[in-house]
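S.K.: The structure is given below, and queries will be raised subsequently.
The values are calculated or read from the model by the stated rules, or taken from the named source; none is laboratory data. Not measured: the values here are computed from a predicted model. Reconstructed Cβ throughout: ideal geometry from the backbone, glycine too, with neighbour counts over all protein chains shown.
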Amino acid sequence: MSRLALTLALAAALSCASPAAPAPSRPNILLFLADDLGYGDLGCYGAPDVRTPHLDRLAAEGVRFTQFYSNGPECTPTRTALLTGRYQHRVGGLECAIGTGNVGRYDDAIRLAERQELGLPTSEETIATVLRNASYETAIVGKWHLGYERKFLPDRHGFDSSFGLLGGSVDYFHHVEPDGRPTLFENGAPVREDGYMTRLIADRAVRFLRQPRGKPFFLYVPFNAPHAPYQGPNDRREKPLVPGEWDKGTREKFAGMVESMDQAIGRVRKALEEVGKDADTLVLFTSDNGGNARGRNMPFSGHKSSLFEGGIRVPCIARWPGVLKGGTVSPRVGITMDLTASLARFAEARPSRPLDGRDLFGPETPDRTLFWRARRGAVTWKAVRAGDIKYLFRKDGERVEEHVFDLATDPGEKKDLISDRAADKDRLKALLVRWEAEVRHSR
(Lines give C-alpha, C1' and ligand atoms only; values in the text may rest on other atoms or scores of the structure.)
Protein backbone atom coordinates (compact mmCIF):
# COMPACT_ATOMS: atom_id res chain seq x y z
CA MET A 1 0.00 0.00 0.00
CA SER A 2 1.37 3.43 -0.92
CA ARG A 3 1.99 6.18 1.61
CA LEU A 4 -0.99 8.16 0.21
CA ALA A 5 -3.35 5.18 0.24
CA LEU A 6 -2.39 4.31 3.79
CA THR A 7 -2.97 7.85 5.01
CA LEU A 8 -6.36 8.05 3.28
CA ALA A 9 -7.44 4.73 4.79
CA LEU A 10 -6.50 5.90 8.26
CA ALA A 11 -8.25 9.21 7.72
CA ALA A 12 -11.46 7.51 6.67
CA ALA A 13 -11.35 5.11 9.59
CA LEU A 14 -10.55 7.45 12.45
CA SER A 15 -10.96 10.93 11.02
CA CYS A 16 -7.61 11.68 12.54
CA ALA A 17 -5.19 11.95 9.63
CA SER A 18 -2.85 14.90 9.78
CA PRO A 19 -1.02 16.80 7.02
CA ALA A 20 2.10 16.98 9.20
CA ALA A 21 5.61 15.88 8.16
CA PRO A 22 5.62 12.78 5.95
CA ALA A 23 5.98 9.34 7.48
CA PRO A 24 7.10 6.20 5.67
CA SER A 25 4.59 3.62 4.51
CA ARG A 26 6.46 0.98 6.55
CA PRO A 27 7.03 2.37 10.03
CA ASN A 28 9.29 1.14 12.76
CA ILE A 29 7.10 -0.43 15.45
CA LEU A 30 7.51 -0.01 19.22
CA LEU A 31 4.94 -1.99 21.22
CA PHE A 32 4.69 -1.59 25.01
CA LEU A 33 2.62 -4.01 27.09
CA ALA A 34 1.84 -3.49 30.79
CA ASP A 35 1.05 -6.37 33.15
CA ASP A 36 -2.12 -6.21 35.30
CA LEU A 37 -2.68 -2.51 34.64
CA GLY A 38 -6.28 -1.43 35.21
CA TYR A 39 -8.29 0.73 32.81
CA GLY A 40 -8.17 3.65 35.24
CA ASP A 41 -4.54 3.36 36.34
CA LEU A 42 -3.12 6.12 34.10
CA GLY A 43 -3.55 9.86 34.39
CA CYS A 44 -4.99 10.06 30.88
CA TYR A 45 -7.59 7.46 31.89
CA GLY A 46 -8.64 9.27 35.04
CA ALA A 47 -6.27 8.01 37.75
CA PRO A 48 -6.20 10.58 40.58
CA ASP A 49 -3.30 9.02 42.47
CA VAL A 50 -0.80 7.94 39.78
CA ARG A 51 1.53 10.29 37.91
CA THR A 52 2.11 9.06 34.34
CA PRO A 53 3.34 12.09 32.36
CA HIS A 54 5.02 10.06 29.62
CA LEU A 55 1.99 7.93 28.81
CA ASP A 56 -0.23 10.98 29.14
CA ARG A 57 1.98 12.70 26.58
CA LEU A 58 1.73 9.66 24.30
CA ALA A 59 -2.07 9.91 24.45
CA ALA A 60 -1.99 13.66 23.83
CA GLU A 61 0.13 13.08 20.75
CA GLY A 62 -1.87 10.13 19.44
CA VAL A 63 -5.12 8.19 19.71
CA ARG A 64 -6.58 7.01 23.03
CA PHE A 65 -9.14 4.20 22.77
CA THR A 66 -11.96 3.95 25.30
CA GLN A 67 -13.53 0.62 24.29
CA PHE A 68 -10.48 -1.57 23.89
CA TYR A 69 -10.33 -5.09 25.35
CA SER A 70 -7.71 -7.66 26.21
CA ASN A 71 -8.19 -11.08 24.65
CA GLY A 72 -8.16 -12.66 28.09
CA PRO A 73 -8.43 -11.70 31.76
CA GLU A 74 -4.92 -13.05 32.52
CA CYS A 75 -1.38 -12.90 31.16
CA THR A 76 -0.76 -15.93 28.92
CA PRO A 77 -4.05 -15.90 26.96
CA THR A 78 -3.69 -12.27 25.89
CA ARG A 79 -0.02 -12.67 24.97
CA THR A 80 -0.90 -15.67 22.82
CA ALA A 81 -3.53 -13.68 20.94
CA LEU A 82 -1.23 -10.67 20.56
CA LEU A 83 1.54 -12.70 18.96
CA THR A 84 -0.67 -14.88 16.75
CA GLY A 85 -3.42 -12.41 15.86
CA ARG A 86 -5.92 -15.19 16.54
CA TYR A 87 -8.10 -16.31 19.40
CA GLN A 88 -5.87 -18.10 21.91
CA HIS A 89 -8.37 -20.95 22.09
CA ARG A 90 -7.16 -22.20 18.69
CA VAL A 91 -3.81 -23.12 20.26
CA GLY A 92 -4.96 -25.24 23.20
CA GLY A 93 -3.91 -25.12 26.83
CA LEU A 94 -3.38 -21.37 26.97
CA GLU A 95 -6.74 -20.10 28.25
CA CYS A 96 -5.19 -19.50 31.67
CA ALA A 97 -1.89 -18.05 32.82
CA ILE A 98 0.83 -20.72 32.90
CA GLY A 99 1.59 -21.37 36.58
CA THR A 100 4.96 -20.73 38.18
CA GLY A 101 7.37 -23.49 37.23
CA ASN A 102 5.39 -24.49 34.13
CA VAL A 103 2.22 -25.64 35.89
CA GLY A 104 -1.03 -26.22 34.02
CA ARG A 105 -4.08 -24.82 35.79
CA TYR A 106 -6.98 -26.57 34.05
CA ASP A 107 -7.48 -29.94 32.38
CA ASP A 108 -6.10 -29.18 28.90
CA ALA A 109 -3.14 -27.28 30.33
CA ILE A 110 -2.39 -30.01 32.87
CA ARG A 111 -2.44 -32.64 30.13
CA LEU A 112 -0.09 -30.60 27.93
CA ALA A 113 2.26 -29.85 30.83
CA GLU A 114 2.57 -33.58 31.55
CA ARG A 115 3.68 -34.05 27.93
CA GLN A 116 6.01 -31.02 28.11
CA GLU A 117 3.86 -29.29 25.51
CA LEU A 118 2.51 -26.40 27.58
CA GLY A 119 3.50 -23.33 25.62
CA LEU A 120 3.15 -21.60 22.28
CA PRO A 121 4.11 -24.18 19.63
CA THR A 122 6.16 -23.21 16.60
CA SER A 123 3.29 -24.33 14.39
CA GLU A 124 1.67 -21.01 15.37
CA GLU A 125 2.95 -18.14 13.22
CA THR A 126 3.69 -15.01 15.23
CA ILE A 127 3.70 -11.37 14.24
CA ALA A 128 7.47 -11.39 14.82
CA THR A 129 7.86 -14.09 12.16
CA VAL A 130 5.53 -12.23 9.79
CA LEU A 131 7.48 -9.00 10.22
CA ARG A 132 10.87 -10.66 9.97
CA ASN A 133 9.74 -12.22 6.69
CA ALA A 134 8.92 -8.68 5.60
CA SER A 135 12.53 -7.59 6.31
CA TYR A 136 12.02 -6.16 9.80
CA GLU A 137 14.56 -6.61 12.57
CA THR A 138 12.67 -8.09 15.52
CA ALA A 139 13.35 -8.03 19.27
CA ILE A 140 11.57 -8.70 22.54
CA VAL A 141 12.72 -7.13 25.81
CA GLY A 142 10.61 -8.13 28.82
CA LYS A 143 8.17 -10.78 29.97
CA TRP A 144 7.52 -13.88 27.82
CA HIS A 145 5.13 -16.20 29.77
CA LEU A 146 4.41 -18.45 26.78
CA GLY A 147 6.31 -21.56 27.83
CA TYR A 148 9.45 -22.52 29.74
CA GLU A 149 10.88 -25.20 27.45
CA ARG A 150 13.59 -24.24 24.97
CA LYS A 151 11.31 -25.07 22.03
CA PHE A 152 8.84 -22.36 23.08
CA LEU A 153 11.26 -19.46 23.53
CA PRO A 154 11.20 -16.21 21.52
CA ASP A 155 14.01 -17.12 19.11
CA ARG A 156 11.81 -19.99 17.89
CA HIS A 157 9.02 -17.52 17.19
CA GLY A 158 10.63 -14.99 14.89
CA PHE A 159 12.57 -12.77 17.31
CA ASP A 160 16.13 -11.99 16.23
CA SER A 161 17.05 -11.12 19.81
CA SER A 162 15.43 -11.54 23.21
CA PHE A 163 15.96 -10.62 26.83
CA GLY A 164 13.66 -10.91 29.82
CA LEU A 165 11.85 -13.26 32.17
CA LEU A 166 10.27 -16.56 31.22
CA GLY A 167 7.40 -16.91 33.66
CA GLY A 168 4.57 -14.91 35.11
CA SER A 169 6.36 -13.07 37.90
CA VAL A 170 9.79 -12.61 39.49
CA ASP A 171 11.38 -10.85 42.42
CA TYR A 172 12.11 -7.48 40.78
CA PHE A 173 15.68 -7.38 42.13
CA HIS A 174 16.80 -11.02 42.38
CA HIS A 175 14.95 -12.21 39.25
CA VAL A 176 13.78 -15.49 40.75
CA GLU A 177 10.36 -17.08 41.02
CA PRO A 178 8.73 -17.85 44.42
CA ASP A 179 10.50 -21.24 44.59
CA GLY A 180 13.87 -19.54 44.06
CA ARG A 181 14.23 -20.59 40.42
CA PRO A 182 16.15 -18.04 38.28
CA THR A 183 14.09 -16.97 35.30
CA LEU A 184 16.11 -14.32 33.46
CA PHE A 185 17.19 -15.28 29.94
CA GLU A 186 18.93 -13.77 26.93
CA ASN A 187 18.63 -15.23 23.46
CA GLY A 188 17.44 -18.54 24.91
CA ALA A 189 20.15 -18.92 27.57
CA PRO A 190 20.00 -18.21 31.32
CA VAL A 191 21.71 -14.98 32.41
CA ARG A 192 22.26 -13.05 35.61
CA GLU A 193 22.10 -9.29 35.74
CA ASP A 194 21.82 -6.82 38.58
CA GLY A 195 19.07 -4.23 38.79
CA TYR A 196 15.38 -3.44 39.18
CA MET A 197 13.49 -5.37 36.51
CA THR A 198 11.57 -2.40 35.11
CA ARG A 199 14.80 -0.44 34.69
CA LEU A 200 16.62 -3.41 33.17
CA ILE A 201 13.90 -3.74 30.55
CA ALA A 202 14.23 -0.05 29.70
CA ASP A 203 18.05 -0.35 29.59
CA ARG A 204 17.88 -3.17 27.07
CA ALA A 205 15.23 -1.44 24.96
CA VAL A 206 17.38 1.70 24.81
CA ARG A 207 20.42 -0.39 23.88
CA PHE A 208 18.49 -1.96 21.01
CA LEU A 209 17.33 1.41 19.68
CA ARG A 210 20.88 2.76 19.66
CA GLN A 211 22.22 -0.07 17.51
CA PRO A 212 22.85 0.85 13.87
CA ARG A 213 20.56 -0.86 11.36
CA GLY A 214 19.59 -0.56 7.73
CA LYS A 215 16.00 -1.79 7.93
CA PRO A 216 12.87 -1.09 9.98
CA PHE A 217 12.48 -2.65 13.41
CA PHE A 218 9.81 -4.25 15.57
CA LEU A 219 10.60 -3.85 19.26
CA TYR A 220 8.18 -5.59 21.64
CA VAL A 221 8.55 -4.37 25.24
CA PRO A 222 6.28 -6.33 27.62
CA PHE A 223 6.88 -5.06 31.15
CA ASN A 224 6.12 -7.26 34.16
CA ALA A 225 5.00 -4.15 36.07
CA PRO A 226 2.80 -3.63 37.95
CA HIS A 227 2.29 -7.40 38.46
CA ALA A 228 3.06 -8.84 41.90
CA PRO A 229 5.31 -8.97 43.85
CA TYR A 230 4.76 -5.36 44.86
CA GLN A 231 8.26 -3.90 44.90
CA GLY A 232 9.20 -0.36 44.02
CA PRO A 233 12.60 0.67 42.68
CA ASN A 234 13.83 1.50 46.19
CA ASP A 235 12.73 -1.76 47.84
CA ARG A 236 15.84 -3.81 47.25
CA ARG A 237 16.88 -6.15 50.05
CA GLU A 238 19.70 -8.65 50.49
CA LYS A 239 17.63 -11.81 49.99
CA PRO A 240 14.67 -12.57 47.68
CA LEU A 241 11.10 -12.47 48.90
CA VAL A 242 9.77 -15.64 50.47
CA PRO A 243 6.49 -17.15 49.12
CA GLY A 244 4.20 -15.62 51.76
CA GLU A 245 5.39 -12.11 50.87
CA TRP A 246 4.69 -12.19 47.13
CA ASP A 247 1.11 -10.93 47.23
CA LYS A 248 1.52 -8.34 49.97
CA GLY A 249 1.36 -4.71 48.97
CA THR A 250 -0.70 -1.55 49.01
CA ARG A 251 -2.35 0.58 46.37
CA GLU A 252 0.36 3.15 47.03
CA LYS A 253 3.07 0.59 46.23
CA PHE A 254 1.20 -0.47 43.09
CA ALA A 255 0.94 3.17 41.99
CA GLY A 256 4.68 3.62 42.48
CA MET A 257 5.37 0.64 40.24
CA VAL A 258 3.15 2.13 37.53
CA GLU A 259 5.03 5.42 37.83
CA SER A 260 8.35 3.58 37.50
CA MET A 261 7.07 1.89 34.34
CA ASP A 262 5.98 5.27 32.98
CA GLN A 263 9.47 6.66 33.61
CA ALA A 264 10.97 3.66 31.80
CA ILE A 265 8.72 4.31 28.81
CA GLY A 266 9.84 7.92 28.87
CA ARG A 267 13.48 6.81 28.70
CA VAL A 268 12.79 4.55 25.73
CA ARG A 269 10.93 7.26 23.88
CA LYS A 270 13.75 9.72 24.56
CA ALA A 271 16.21 7.27 23.02
CA LEU A 272 13.91 6.94 20.02
CA GLU A 273 14.05 10.69 19.57
CA GLU A 274 17.83 10.82 20.05
CA VAL A 275 18.45 8.29 17.26
CA GLY A 276 16.19 10.24 14.92
CA LYS A 277 13.49 7.57 14.62
CA ASP A 278 10.62 9.26 16.45
CA ALA A 279 8.88 10.61 13.34
CA ASP A 280 8.80 7.29 11.51
CA THR A 281 7.86 4.99 14.39
CA LEU A 282 4.43 3.71 15.34
CA VAL A 283 4.25 3.50 19.15
CA LEU A 284 1.57 1.38 20.82
CA PHE A 285 0.70 0.82 24.47
CA THR A 286 -1.83 -1.49 26.12
CA SER A 287 -2.24 -3.94 29.03
CA ASP A 288 -2.63 -7.72 29.06
CA ASN A 289 -5.73 -7.59 31.31
CA GLY A 290 -7.46 -5.44 33.89
CA GLY A 291 -6.13 -4.67 37.33
CA ASN A 292 -6.50 -6.81 40.43
CA ALA A 293 -7.70 -5.54 43.81
CA ARG A 294 -4.88 -2.95 43.90
CA GLY A 295 -5.61 -1.73 40.40
CA ARG A 296 -8.19 0.88 39.47
CA ASN A 297 -10.66 -0.43 36.88
CA MET A 298 -13.17 2.39 37.28
CA PRO A 299 -15.75 3.01 36.02
CA PHE A 300 -16.09 -0.73 35.44
CA SER A 301 -17.00 -3.68 37.66
CA GLY A 302 -14.82 -6.73 38.22
CA HIS A 303 -11.09 -7.29 38.10
CA LYS A 304 -8.33 -9.49 36.70
CA SER A 305 -9.35 -13.14 36.12
CA SER A 306 -13.02 -12.22 35.58
CA LEU A 307 -14.88 -11.36 32.37
CA PHE A 308 -16.70 -8.40 33.83
CA GLU A 309 -15.53 -5.24 32.06
CA GLY A 310 -12.96 -4.50 34.76
CA GLY A 311 -11.14 -7.74 33.96
CA ILE A 312 -10.82 -7.12 30.22
CA ARG A 313 -11.35 -3.41 29.41
CA VAL A 314 -7.86 -1.92 29.19
CA PRO A 315 -6.04 1.23 28.10
CA CYS A 316 -4.83 1.41 24.51
CA ILE A 317 -2.83 4.27 23.00
CA ALA A 318 -1.40 4.59 19.48
CA ARG A 319 0.92 7.32 18.15
CA TRP A 320 2.26 7.78 14.63
CA PRO A 321 3.33 11.33 13.75
CA GLY A 322 1.92 12.59 10.49
CA VAL A 323 -0.65 9.81 10.31
CA LEU A 324 -2.58 9.74 13.60
CA LYS A 325 -3.85 13.09 14.81
CA GLY A 326 -2.81 13.93 18.34
CA GLY A 327 -5.44 14.21 21.03
CA THR A 328 -7.93 11.89 19.33
CA VAL A 329 -10.22 9.91 21.63
CA SER A 330 -11.76 6.93 19.84
CA PRO A 331 -14.78 4.93 21.09
CA ARG A 332 -14.11 2.26 18.50
CA VAL A 333 -14.45 -1.31 19.87
CA GLY A 334 -11.21 -3.27 19.57
CA ILE A 335 -9.32 -6.18 21.10
CA THR A 336 -5.67 -7.15 21.55
CA MET A 337 -5.43 -9.29 18.42
CA ASP A 338 -6.56 -6.30 16.32
CA LEU A 339 -3.13 -4.78 16.94
CA THR A 340 -1.56 -7.79 15.23
CA ALA A 341 -3.67 -7.34 12.12
CA SER A 342 -2.87 -3.61 12.12
CA LEU A 343 0.88 -4.18 12.34
CA ALA A 344 0.82 -6.67 9.49
CA ARG A 345 -0.92 -4.12 7.24
CA PHE A 346 1.30 -1.22 8.23
CA ALA A 347 4.38 -3.35 7.48
CA GLU A 348 2.91 -4.54 4.17
CA ALA A 349 3.41 -8.07 5.48
CA ARG A 350 1.27 -11.11 4.77
CA PRO A 351 0.51 -13.71 7.45
CA SER A 352 0.31 -17.26 6.12
CA ARG A 353 -3.11 -17.90 7.69
CA PRO A 354 -6.22 -15.78 8.26
CA LEU A 355 -6.21 -13.65 11.40
CA ASP A 356 -9.14 -13.31 13.79
CA GLY A 357 -8.17 -9.74 14.60
CA ARG A 358 -9.18 -6.83 12.40
CA ASP A 359 -7.16 -3.78 11.47
CA LEU A 360 -7.88 -1.32 14.27
CA PHE A 361 -7.28 1.57 11.88
CA GLY A 362 -9.15 0.22 8.87
CA PRO A 363 -12.86 0.55 8.04
CA GLU A 364 -14.95 0.03 11.15
CA THR A 365 -17.46 -2.83 11.27
CA PRO A 366 -20.72 -1.81 12.96
CA ASP A 367 -21.91 -4.05 15.79
CA ARG A 368 -18.56 -5.83 16.17
CA THR A 369 -18.91 -9.19 17.92
CA LEU A 370 -16.18 -10.30 20.33
CA PHE A 371 -15.85 -13.54 22.30
CA TRP A 372 -14.05 -14.66 25.45
CA ARG A 373 -13.58 -17.89 27.36
CA ALA A 374 -11.29 -18.27 30.37
CA ARG A 375 -10.64 -21.35 32.50
CA ARG A 376 -8.88 -22.05 35.77
CA GLY A 377 -9.48 -25.17 37.85
CA ALA A 378 -13.22 -25.80 38.11
CA VAL A 379 -14.13 -22.26 37.05
CA THR A 380 -15.09 -21.38 33.47
CA TRP A 381 -15.98 -17.87 32.30
CA LYS A 382 -17.55 -17.11 28.91
CA ALA A 383 -18.69 -13.84 27.38
CA VAL A 384 -19.79 -12.37 24.08
CA ARG A 385 -20.28 -8.72 23.16
CA ALA A 386 -22.41 -8.06 20.06
CA GLY A 387 -22.88 -4.37 19.47
CA ASP A 388 -23.56 -2.94 22.92
CA ILE A 389 -25.18 -6.06 24.38
CA LYS A 390 -23.03 -8.42 26.45
CA TYR A 391 -23.84 -11.90 27.68
CA LEU A 392 -21.75 -13.21 30.59
CA PHE A 393 -21.58 -16.79 31.89
CA ARG A 394 -19.72 -18.22 34.88
CA LYS A 395 -19.60 -21.83 36.04
CA ASP A 396 -17.89 -22.87 39.27
CA GLY A 397 -18.34 -26.60 39.76
CA GLU A 398 -22.11 -27.10 39.65
CA ARG A 399 -22.95 -23.45 40.24
CA VAL A 400 -23.89 -21.46 37.13
CA GLU A 401 -24.66 -17.76 36.76
CA GLU A 402 -25.70 -15.79 33.67
CA HIS A 403 -25.99 -12.05 33.04
CA VAL A 404 -27.02 -9.71 30.24
CA PHE A 405 -25.87 -6.08 30.19
CA ASP A 406 -26.40 -3.12 27.88
CA LEU A 407 -22.98 -1.47 27.84
CA ALA A 408 -24.28 1.64 26.05
CA THR A 409 -26.35 2.64 29.06
CA ASP A 410 -24.64 0.60 31.79
CA PRO A 411 -20.88 0.27 31.17
CA GLY A 412 -20.37 -0.48 34.86
CA GLU A 413 -22.58 -3.60 34.57
CA LYS A 414 -24.72 -2.61 37.53
CA LYS A 415 -28.10 -3.53 36.04
CA ASP A 416 -28.54 -7.18 35.06
CA LEU A 417 -31.12 -7.51 32.26
CA ILE A 418 -31.19 -11.31 32.23
CA SER A 419 -34.90 -11.47 33.15
CA ASP A 420 -35.94 -8.79 30.64
CA ARG A 421 -33.82 -9.67 27.58
CA ALA A 422 -34.46 -13.36 27.04
CA ALA A 423 -34.21 -12.99 23.26
CA ASP A 424 -30.82 -11.29 23.52
CA LYS A 425 -29.60 -13.96 25.93
CA ASP A 426 -30.61 -16.77 23.58
CA ARG A 427 -29.17 -15.01 20.53
CA LEU A 428 -25.80 -14.36 22.14
CA LYS A 429 -25.59 -17.83 23.67
CA ALA A 430 -26.12 -19.29 20.20
CA LEU A 431 -23.32 -17.10 18.82
CA LEU A 432 -21.06 -18.29 21.60
CA VAL A 433 -21.78 -21.95 20.89
CA ARG A 434 -20.94 -21.51 17.19
CA TRP A 435 -17.75 -19.61 18.04
CA GLU A 436 -16.58 -22.29 20.48
CA ALA A 437 -17.00 -24.94 17.78
CA GLU A 438 -15.12 -22.78 15.27
CA VAL A 439 -12.05 -22.15 17.48
CA ARG A 440 -11.77 -25.68 18.92
CA HIS A 441 -8.13 -26.73 19.06
CA SER A 442 -6.65 -30.05 17.98
CA ARG A 443 -3.73 -30.45 20.44
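S.K.: Output the residue which, of all residues in segment 275-324 that are part of a strand (DSSP E or B) and among the aliphatic types (A, V, I, L, M), is farthest from R375 (Cα to Cα). Break it down into steps so the answer makes sense when it comes.
M.R.: First, pick out the residues of segment 275-324 that are part of a strand (DSSP E or B): 281-287, 313, 316-319.
With among the aliphatic types (A, V, I, L, M) added as a condition, the list becomes 282-284, 317-318.
Working: L282: 34, V283: 32, L284: 28, I317: 28, A318: 30 Å.
The residue in question is L282.
S.K.: Moving on. May I ask you to list the residues in segment 352-385 that are modelled with pLDDT under 95 and of a type in the set (S, T, Y)?
M.R.: T365 - this is the single residue of segment 352-385 that is modelled with pLDDT under 95 and of a type in the set (S, T, Y).
S.K.: Let me ask something else. So which residues in segment 345-380 are under 21 Å from W435 (Cα atoms), loosely packed, with under 12 Cβ neighbours inside 10 Å and out of contact with any Gly (no Cβ under 7 Å at 6 or more places or on another chain)?
M.R.: If the condition is that a residue be under 21 Å from W435 (Cα atoms), loosely packed, with under 12 Cβ neighbours inside 10 Å and out of contact with any Gly (no Cβ under 7 Å at 6 or more places or on another chain), then R353, P354, T365, P366 are the ones that fit.
S.K.: Residue under question is L272, and the condition is that it be under 24 Å from I335 (Cβ atoms) and either under 22 Å from the mean Cα position of the chain (by Cα) or in a loop (DSSP other than H, G, I, E, B) (or both); does it hold?
M.R.: No, not satisfied.
S.K.: Could I ask something else about it? If a residue has to be within 21 Å of A347 (Cβ to Cβ) and either surrounded by fewer than 23 Cβ atoms within 10 Å (Cβ to Cβ) or not assigned by TED's automatic domain parsing to the domain that holds R319 (or both) to count, how many in segment 29-64 make the cut?
M.R.: Residues that pass the stated criteria total 1.
S.K.: Taking the stated definitions as given, is P73 outside any helix (DSSP H, G or I) and either modelled with pLDDT under 95 or surrounded by fewer than 24 Cβ atoms within 10 Å (Cβ to Cβ) (or both)?
M.R.: No; evaluated as a whole, the condition is false for this residue.
S.K.: Follow-up question, since we're still on this one. Would you be able to say whether some residue in segment 127-143 is touching a Lys or Arg at 6+ places or on another chain (Cβ under 7 Å), touching a residue at least 60 places away in the same chain (Cβ under 8 Å) and of a type in the set (D, E, K, R)?
M.R.: Scanning segment 127-143, I find at least one residue that is touching a Lys or Arg at 6+ places or on another chain (Cβ under 7 Å), touching a residue at least 60 places away in the same chain (Cβ under 8 Å) and of a type in the set (D, E, K, R), so the answer is yes.
S.K.: Next up: Give just the number: which of (1) surrounded by 21 or more Cβ atoms within 10 Å (Cβ to Cβ); (2) more than 22 Å from the chain's Cα centre (by Cα) does V191 not satisfy?
M.R.: Among (1) surrounded by 21 or more Cβ atoms within 10 Å (Cβ to Cβ); (2) more than 22 Å from the chain's Cα centre (by Cα), V191 violates only (1).
Residues checked against (1) touching an Asp or Glu at 6+ places or on another chain (Cβ under 8 Å); (2) surrounded by fewer than 24 Cβ atoms within 10 Å (Cβ to Cβ); (3) under 22 Å from W381 (Cβ atoms):
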| site | (1), (2), (3) |
| --- | --- |
| K277 | no, yes, no |
| D288 | yes, no, yes |
| G291 | yes, no, yes |
| E309 | yes, no, yes |
| V323 | no, no, no |
| S330 | no, yes, no |
| D338 | yes, no, yes |
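Conditions tested, residue by residue: (1) farther than 21 Å from C75 by Cα; (2) touching a strand residue (DSSP E or B) at 6+ places or on another chain (Cβ under 6 Å); (3) touching a residue at least 24 places away in the same chain (Cβ under 8 Å); (4) not polar (S, T, N, Q).
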| site | (1), (2), (3), (4) |
| --- | --- |
| R350 | yes, no, yes, yes |
| G357 | no, no, yes, yes |
| G362 | yes, no, yes, yes |
| L370 | no, yes, yes, yes |
| A374 | no, yes, yes, yes |
| G397 | yes, no, no, yes |
| L431 | yes, yes, yes, yes |
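S.K.: Follow-up. Starting from residues that are closer than 18 Å to L184 by Cβ and part of a loop (DSSP other than H, G, I, E, B), keep the ones in segment 211-234 and report whichever is farthest from the chain's Cα centre (by Cα).
M.R.: If we take residues in segment 211-234 being closer than 18 Å to L184 by Cβ and part of a loop (DSSP other than H, G, I, E, B), then P233 is farthest from the chain's Cα centre (by Cα).
S.K.: May I ask you to verify whether V384 is surrounded by 12 or more Cβ atoms within 10 Å (Cβ to Cβ), outside the structural domain of P73 (by TED's automatic domain parsing), under 26 Å from L94 (Cβ atoms) and touching a helix residue (DSSP H, G or I) at 6+ places or on another chain (Cβ under 7 Å)?
M.R.: Yes: the conditions hold for V384.
S.K.: Can you tell me which of K215, K239 is charged (D, E, K, R), exposed (fewer than 15 other Cβ atoms within 10 Å of the Cβ), more than 22 Å from V275 (Cα to Cα) and in contact (Cβ under 8 Å) with a residue 12 or more places away in the chain?
M.R.: After ruling out the rest, the residue left standing is K239.
S.K.: What is the residue count in segment 337-354 for residues that are assigned to a loop (DSSP other than H, G, I, E, B) and among the aliphatic types (A, V, I, L, M)?
M.R.: Here the count works out to 2.
S.K.: From the list R51, R57, R86, exactly one residue is assigned to a loop (DSSP other than H, G, I, E, B), under 24 Å from F361 (Cα atoms), of a type in the set (K, R) and modelled with pLDDT of 95 or more. Which is it? Don't jump to the end; show me each part of the working.
M.R.: Values: R51 fails: under 24 Å from F361 (Cα atoms); R57 fails: assigned to a loop (DSSP other than H, G, I, E, B).
Just a single option satisfies the conditions, and that option is R86.
S.K.: Determine if segment 403-419 includes at least one residue that is of a type outside the set (A, V, I, L, M, F, W, C), at pLDDT 95 or above, closer than 25 Å to D107 by Cα and surrounded by 12 or more Cβ atoms within 10 Å (Cβ to Cβ).
M.R.: No - not one qualifying residue is present in segment 403-419.
One line per residue, one yes/no per condition, for (1) in contact with a strand residue (DSSP E or B) (Cβ under 8 Å, 6 or more places away or on another chain); (2) free of Cβ contacts under 8 Å to residues at least 24 places away in the same chain; (3) not small (G, A, S); (4) not assigned by TED's automatic domain parsing to the domain that holds V141:
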residue	(1), (2), (3), (4)
A279	no, no, no, no
F285	yes, no, yes, no
D288	yes, no, yes, no
P299	no, no, yes, no
K304	no, no, yes, no
R319	yes, no, yes, no
L324	yes, no, yes, no
T336	yes, no, yes, no
A341	no, no, no, no
